[in-house]
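*Asks:* First the structure, which I've put down as C-alpha cells, then a few questions once you've had a look.
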Amino acid sequence: MSTDLIVATALEKRFRLGLLRKDVHAVQGISFSVPAGDIFGFLGPNGAGKTTTIKMLTGLIRPSGGSAILLGEPVPSARARQKIGFLPENPYIYPYLTPQEFVEMCGRLSGLRGAALRDRSRQVLDRTGVLYAADRPARRLSKGMLQRTGLAAALVSDPELLILDEPMSGLDPVGRKEVKDLILDERRAGRTIFFSTHILGDVETLCDRVVILRRGKVVVSGKLDELLKSSSQRVSVVFGSASDELSAFCREQGHTLEVAGGRLRVEIEGRDLVAPLLAKALSAGVSVEEVVPRHETLEDLFVREAIAPGDGPTP
C-alpha cells in the first residue's frame, strides 16, 4: 500500500488586500493527497489558487485554516524541506551568479559540501541542458535557460519529492520535451512529482492523478484515466445518405445532426443508443460509413469543470 507524501486537509488561505483591506478567500478548504511514486498534476485557470496552495505546502506562507502534511511531517517542517526540491513559478537567479554558483549555493543549503557538491551540481546542470553555460553570468541567460537553472537547483539535493510550479514556462518545444523526459526519469528513479502547469497536453501524457481547482475550490480530483474514461460516452456515426426517415428518428432521439456532401453525421450522447440507431439505418436501407467513439480529453474536462461564463481570476 502506497504512502501519501502530501496530505492537505481543509486547507484555506485568506488575504486582506488594498487600502480598504478587502478580504480575498484565495483557497477555500481544499483537501487532496499525493501517493508516493505518482506524477500529480495540479491544475486550474489563472487565479484559481494553485500557487498560493504550493506556497502553503512549502511553508512560504501560513494557511488561514486546515493543515498539510509533507513526508509525514506537519507543515512547516525543516526536516521535510530537506527532502523536497522546489521550483517556483518565476525562479529568481541572482544575476551576478553563474548557474554553477547558484546551484552550488542551493546544494550547500541542503547540506552538500566539497567535491560531492561540485560533481552533483554539474550533473544536474547537464541533465537540464545548462552545463554549456554553467560559467556564464545569469544576467546573460534567456528566460528558458533561467528556468532550466532553477530546475537544476531543485534537483541538486536528490530530493524525495519534487514540487514544480509551471516547470515548462519559457521553454521551447524541445525544452518542454526534455523536461517531460526528465520528469519521467525522476519517477522511474523513485521520485514523487507534484507539478502545476497550464499545458494540459503535458499533464495528459505524464500524470497519474490530477486535481483541478476553480476559484479556490477542488472541482475535479482522481486518477486521470478513470476521470477521462468515465465521461467518454460520445459516439460519432456517419451515414452514406441523409434519408428523411433516419433524420426524423435521430431528431426524436435528441441526437445532433449535420448534413454535408450528401452524408449524415450524427453525434450520440451514450453508447447504449448506438445499436438502435444502426438498426434503424439498416431497416431504412442507409449505409453506415463510420462509427467512432469520441473520448473526452483533459482539455474538455478542464473547460467544462474549471471555467464558467463570467469567471475571472481570483484577485
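The values are calculated or read from the model by the stated rules, or taken from the named source; none is laboratory data. Source: prediction; values computed, not measured. Note that we place each Cβ from the backbone using ideal geometry, even for glycine, and neighbour counts take in every protein chain shown.
*Asks:* Inspect all residues belonging to the range 78-98 and state whether any of them is assigned to a helix (DSSP H, G or I) and within 30 Å of residue 133 (Cβ to Cβ).
*Replies:* Yes: one or more hits.
*Asks:* Which one is surrounded by the most Cβ atoms within 10 Å (Cβ to Cβ) among residues in the range 192-233 that are assigned to a loop (DSSP other than H, G, I, E, B), more than 8 Å from the chain's Cα centre (by Cα) and at pLDDT 85 or above?
*Replies:* 216
*Asks:* Separate question: Scanning the range 52-84 for residues that are at pLDDT 90 or above and among the polar types (S, T, N, Q), which turns out surrounded by the most Cβ atoms within 10 Å (Cβ to Cβ)?
*Replies:* My answer is 53.
*Asks:* Scan the range 249-273 residue by residue and report those that are of a type in the set (A, V, I, L, M, F, W, C) and part of a helix (DSSP H, G or I).
*Replies:* 249, 250, 273
*Asks:* Report the residue count in the range 252-264 for those that are out of contact with any Cys (no Cβ under 6 Å at 6 or more places or on another chain) and surrounded by 11 or more Cβ atoms within 10 Å (Cβ to Cβ).
*Replies:* Looking only at that region, the number is 7.
*Asks:* Just give me the residues in the range 272-314 being surrounded by 13 or more Cβ atoms within 10 Å (Cβ to Cβ), modelled with pLDDT under 85 and closer than 15 Å to residue 237 by Cα, in sequence order.
*Replies:* Of everything in the range 272-314, just one residue is surrounded by 13 or more Cβ atoms within 10 Å (Cβ to Cβ), modelled with pLDDT under 85 and closer than 15 Å to residue 237 by Cα, namely 294.
*Asks:* If we scan the range 107-116, do we find a residue that is basic (Lys, Arg), surrounded by fewer than 20 Cβ atoms within 10 Å (Cβ to Cβ), touching a residue at least 60 places away in the same chain (Cβ under 8 Å) and on the phi < 0 side of the Ramachandran plot?
*Replies:* no
*Asks:* Which of the numbered conditions does residue 6 fail, given that it passes all the others? Conditions: (1) crowded, with 21+ Cβ neighbours inside 10 Å; (2) over 22 Å from residue 212 (Cα atoms).
*Replies:* It fails just one condition, (2).
*Asks:* Just give me the residues in the range 161-177 being assigned to a helix (DSSP H, G or I) and closer than 14 Å to residue 205 by Cβ, in sequence order.
*Replies:* Of everything in the range 161-177, those that are assigned to a helix (DSSP H, G or I) and closer than 14 Å to residue 205 by Cβ turn out to be 173, 176, 177.
*Asks:* Restricting the first residue to the range 85-104 and requiring it to be crowded, with 20+ Cβ neighbours inside 10 Å, which pairs with a second residue that is of a type in the set (Ser, Thr, Tyr) and in a loop (DSSP other than H, G, I, E, B) meet a Cβ separation below 6 Å and a spacing of at least six or different chains?
*Replies:* Qualifying pairs under 6 Å: 86/58.
*Asks:* Right, something else. Can you tell me which residues in the range 274-292 are assigned to a helix (DSSP H, G or I) and of a type in the set (A, V, I, L, M, F, W, C)?
*Replies:* 274, 275, 277, 278, 279, 281, 282
*Asks:* Still on this structure, I have one more. Going through the range 3-54 one residue at a time, which ones are over 17 Å from residue 194 (Cα atoms) and among the charged types (D, E, K, R)?
*Replies:* 12, 13, 14, 16, 21, 22, 23 - these are the residues of the range 3-54 that are over 17 Å from residue 194 (Cα atoms) and among the charged types (D, E, K, R).
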